[in-house]
Amino acid sequence: MNQAVPSVKLLINGEFVESRSQEWRDIVNPATQQVLARVPLATADEVSAAVAAAKEAFKTWKKTPIGARARIFLKYQQLIRENMKELAAILTAEQGKTLADAEGDIFRGLEVVEHAANIGTLQMGEYAENVAGGVDTYTVQQPLGVCAGITPFNFPAMIPLWMFPMAIATGNTFVLKPSEQDPMVTMRLVELALEAGIPKGVLNVVHGAADVVNAICDHADIKAVSFVGSTKVGTHVYQRATLSGKRAQCMMGAKNHAIVLADANKQQALNQLTGAAFGAAGQRCMALTVAVLVGEARQWIPDLVAKAKSLKVGAGKDNLDLGPLISCAARERVEGLIAKGVEQGAKLELDGRGVKVAGHDSGNFVGPTIFSGVKPGMAIYDQEVFGPVLCLVAADTLDEAIAIINANPNGNGTAIFTQSGAAARKFQEDIEVGQVGINVPIPVPVPLFSFTGSRASKLGDLGPYGKQVIAFYTQTKTVTSRWFDDEASNGKVHTTISLR
Ligand code: NAD
């Protein structure tokens with residue numbers, strides 16, 4: 001345990017407290033290996049205390065007027081804007097992405113906070129008069145109770161902000177478990193949320209890894225779990241949480257393909273492809289990691305390689321094109337997969353291994369890497385590399401390219417580059433992927449819409465924000481009532497209430 005650096009606190013019942021855990025992890029700057037802080041793996045008692053605080057706070061929070069809840073998020077969005085630079089600097093130091101990408105990470109979360117401030121209009125129920133003689137039925141959307149969120153390392157601002165603002169704005173209380181690899185920016189966002197007026201116990205934070213996640217999945221007082229992370233862990237969380245009777249939604253890993261047709265605007269397509277494949281060092285669930293080059297577009301490989309070579313690798317704070325990978329282990333894994341790609345017969349067009357960054361000899365850097373001749377069955381195609389590695393696959397026709405994508409189990413995002421309306425129309429209709437871009441490389445929807453990953457990239461039908469989130473964080477109560485016009489009964493009497 002490294003005592004010389006600050007410790008990351010838990011948030012329980014409105015107090016930032018030091019964990020009593022014996023198990024701690026270092027939070028390391030991936031560009032320098034400097035230890036920035038240490039984070040506890042919370043004890044079982046600490047997880048229980050956080051859930052108990054959330055359960056108690058729910059009693060009053062669920063009755064807090066919609067307008068009062070919304071005003072907290074109006075203030076919160078303002079505080080995030082005012083502290084954007086500081087938040088981005090913390091995020092870059094612990095996660096590695098460039099300052100520009102860090103601000104993007106925070107901004108995409110901020111959009112969800114803005115949406116949360118206006119969520120009341122989506123919480124309205126339905127009403128039907130005279131469903132039987134003198135009988136009316138209406139529905140109300142009620143919060144569930146204590147909800148929990150488990151988040152990954154790659155968007156430590158945006159993804160926590162996908163979760164707790166929507167859950168809390170709809171009247172729930174929350175226990176957040178941030179990634180243990182980079183929880184510091186998340187904690188600064190949590191401090192700002194309290195400053196905005198979130199009452200004690202409504203938002204709680206526990207840190208940890210597998211044991212804490214399992215405790216959340218098993219806890220009888222937690223009603224719903226949102227997870228974002230890898231497919232392996234997400235599948236485990238979904239099974240374990242639903243087994244104990246919880247709602248669960250798990251957004252998971254990906255293998256996102258782009259189709260490049262020869263009628264595309266070549267320069268724009270190459271720029272967007274390289275940005276989407278190598279930006280954030282490829283550590284995005286919506287990164288474009290496979291480009292299917294159709295027909296004459298197969299001749300564009302040298303231009304693509306030249307474009308990728310022009311990207312600059314460096315420490316995130318120097319704000320070049322891409323920063324380091326999150327950890328030494330992640331770099332070793334990505335380099336191992338590149339070696340495997342060569343061994344399995346793919347052609348290495350550009351090798352990002354061993355890239356040197358002046359003044360940062362120990363950073364976890366891998367430069368843009370491109371393989372051509374990639375086929376299903378190769379590890380670089382079958383696995384989510386989660387590094388700056390682009391696989392090129394060849395196809396003769398649009399139909400063949402669509403079939404390649406539809407045969408892949410993942411369904412997070414996809415894109416087509418073309419100037420043909422007919423091709424774009426066919427693509428959006430036939431492609432079996434949840435989020436579709438037409439000349440848009442990373443089609444993550446704004447929060448008016450839902451994040452709609454599909455197939456193996458998602459378990460649970462709903463999305464983390466947008467309209468679908470209301471169905472996730474609320475239960476519908478159907479009230480059927482008969483109103484007696486009778487002075488003796490004092491006017492009005494409810495007869496039936498059912499909950500589904
Ligand atoms: P991860 O699955 O390793 O970790 C996610 C969370 O699960 C963390 O909070 C971690 O502490 C916890 N965890 C890790 N191992 C666990 C275990 N054995 N049991 C229980 N909990 C465990 O994911 P990561 O490496 O932090 O994030 C990268 C992954 O997240 C990629 O696969 C990426 O595609 C995915 N991701 C998906 C989306 C999406 O919306 N679909 C968005 C961002 C990231």
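Across the chain, the longest run free of exposed loop sites, meaning chymotrypsin sites (Phe, Trp or Tyr not before Pro) lying outside DSSP classes H, G, I, E and B with no more than 16 other Cβ atoms within 10 Å, spans 1-448.
Considering only beta bridges that DSSP places wholly inside the chain, some 45 percent are antiparallel. Between segment 105-179 and segment 335-360, the alpha-carbon centres lie 43 Å apart.
Around the amide H of Asn204, modelled in the peptide plane, lie the amide H atoms of Phe174, Val175, Leu176, all under 5 Å away and 5 or more residues distant in sequence or on another chain.
Only the Cβ atoms of Lys and Arg (+1) and of Asp and Glu (-1) were treated as charged; on that basis the dipole of segment 1-80 about its Cα centre amounts to roughly 580 debye. Dividing the mean sequence gap of close Cα pairs (under 8 Å, 6+ apart) by how many residues segment 210-259 holds gives a relative contact order of 39 percent. With only the Cα atoms considered, segment 296-342 has a convex hull volume of 95 Å³ per residue. Here the relative contact order of the chain, from alpha carbon pairs under 8 Å that lie six or more residues apart, stands at 17 percent.
Given a Förster distance of 30 angstrom, what is the FRET efficiency for Asp45 paired with Glu191, based on the Cβ-Cβ distance and rounded to 0.05? Between Asp45 and Glu191 the formula returns 0.80.
Take the alpha carbon gyration tensor of the chain, find the square roots of its eigenvalues, order them as a ≥ b ≥ c, and report rounded if a/c is under 1.5; if not, report prolate when a/b exceeds b/c, else oblate. It is oblate, given that a/c is not under 1.5 and a/b is not larger than b/c.
Partners of Lys255 within straight-line reach, counting aspartates and glutamates whose Cα lies under 15 Å from its Cα and excluding those fewer than 8 residues away in the same chain: Asp382, Glu384, Glu432.
How many percent of the alpha carbon pairs in segment 185-344 exceed a separation of 25 Å? Cα-Cα pairs of segment 185-344 separated by over 25 Å account for 53 percent. For segment 55-135, the pair-distance distribution built from all alpha carbon pairs, in bins 10 Å wide starting at 0, is 16, 29, 24, 20, 6, 5, 1 percent. Other residues within the sphere of radius under 13 Å centred on the Cβ of Gln272, judged by their own Cβ, net out at +2 (K and R +1, D and E -1). Measuring between alpha carbons in the structure, the pairs from Lys55/Lys223; Lys97/Lys317; Lys177/Lys223; Lys266/Lys312; Lys266/Lys307; Lys317/Lys340 lying more than 20 angstrom apart are Lys266/Lys312; Lys317/Lys340.
Relative to the longest principal axis of the Cα atoms of the chain, helix 66-82 runs at roughly 30 degrees. Here, segment 122-190 yields an orientationally averaged convex hull projection of 5.7 nm² when only Cα atoms define the hull. Taking 7 Å steps out from each Cα toward its Cβ at Glu429 and Arg353 produces label points 4.6 nm apart.
Would you work out which of Ile27, Ala44, Gly275 lies farthest towards the positive end of the dipole of the chain, given +1 charges on the beta-carbon of Lys and Arg and -1 on that of Asp and Glu, about the Cα centre? Result: Ala44. The charge dipole of the chain, taken about its Cα centre with unit charges on the Cβ atoms of Lys, Arg (+1), Asp and Glu (-1) only, comes to about 280 debye. Indicate the gyration tensor shape class of segment 303-449 (rounded, prolate or oblate), computed on the Cα atoms with a ≥ b ≥ c the square roots of the eigenvalues: a/c under 1.5 is rounded; otherwise a/b larger than b/c is prolate and the rest oblate. Since a/c reaches 1.5 and a/b is larger than b/c, the shape of segment 303-449 is classed as prolate. Averaged over its residues, the chain has an accessible area of 40 Å² per residue, based on protein heavy atoms and a 1.4 Å probe.
Computed on the Cα trace of segment 1-158, the radius of gyration divided by the Kirkwood hydrodynamic radius gives Rg/Rh = 1.09. Counting only protein heavy atoms and a probe of 1.4 Å, the accessible surface of the chain is 52% carbon and sulfur. Rounded to the nearest 0.05, the FRET efficiency derived from the C-beta distance between Gln419 and Leu320 at R0 = 30 Å is 0.45. Helix 231-243 and the long axis of the chain differ in direction by around 20°, with both axes built from C-alpha atoms. Decide, for segment 158-264, between rounded, prolate and oblate: order the square roots of the alpha carbon gyration tensor eigenvalues as a ≥ b ≥ c, take rounded if a/c falls under 1.5, and otherwise choose prolate if a/b is larger than b/c, else oblate. It is oblate, given that a/c is not under 1.5 and a/b is not larger than b/c.
Note on Lys356: aspartates and glutamates with a C-alpha under 16 Å away, same-chain residues under 8 apart excluded, are Asp318, Asp321, Glu332, Glu335.
The values are calculated or read from the model by the stated rules, or taken from the named source; none is laboratory data. Please read these numbers as outputs of a predicted model, since none were measured by experiment. No Cβ is skipped: glycine too gets one built from the backbone with ideal geometry, and neighbour counts run over all protein chains shown. Just the protein is used for accessible areas: all its heavy atoms, side chains included, with ligands, DNA and RNA removed. Shrake-Rupley method; radii C 1.70, N 1.55, O 1.52, S 1.80 Å.
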